[in-house]
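Written below as structure tokens is the structure these notes are about.
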Amino acid sequence: MDEFTALAFYRSRGLQVIIARLFNTVGPRQTGAYGMVIPRFVLQAIKGEPLTVYGDGSQTRTFTYVKDVVEALAGLMESDRSVGEIFNIGGTEEISIRELAEKVI
């Protein structure tokens with residue numbers, strides 16, 4: 001709903017908006033407070049607990065390093081062609097949750 005409202009203000013009033021959709025951003029000092037899988041897996045592994053994988057773990061995700069997200073956002077803000085557009089910002093390498101758990105271990 002926020003995206004539609006922002007675009008409506010862009011079209012009707014000229015409000016300079018850029019919509020960025022961030023997907024699975026990861027980086028240092030990230031906590032699992034909001035259900036983020038990587039910090040949750042790491043904490044469970046450090047504690048010697050089994051990693052919580054839902055279902056068979058075949059569901060996949062892509063992850064993007066926070067520095068890359070910041071660079072993408074800065075690039076969008078510097079480009080006049082970005083105004084009034086929607087951008088997905090995310091990684092390109094897909095990994096299953098089961099594979100991710102194995103890497104963390």
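Each value in this text was obtained by applying a stated rule to the coordinates, not by laboratory testing. These figures come from a predicted structure and were not determined experimentally. Every residue, glycine as well, gets a Cβ built from its backbone with ideal geometry; the counts of neighbours run over all protein chains shown.
Distant-in-sequence amide contacts of residue 25, defined by a placed amide H-H separation under 5 Å and a gap of 5 or more residues or a different chain, comprise 64.
Can you compute the charge dipole magnitude of the chain about its Cα centre, using +1 on each Lys and Arg Cβ and -1 on each Asp and Glu Cβ, nothing else charged? Give it in debye, rounded to the nearest 20. Before the final figure, lay out each step's value.
Working: 11 positive and 13 negative charges, 55 e Å.
Roughly 260 debye for the chain.
Contact order, relative form, for the chain: 40 percent (alpha carbon pairs under 8 Å, 6 or more residues apart, mean separation divided by residue count). For the stretch 86-92, 3J(HN,Hα) computed residue by residue from phi via the Karplus equation (6.51, -1.76, 1.60; θ = phi - 60°) reads 10, 10, 8, 10, x, x, 10 Hz, glycine and proline entered as x.
Among beta bridges from DSSP that stay inside the chain, the antiparallel ones total about 35%.
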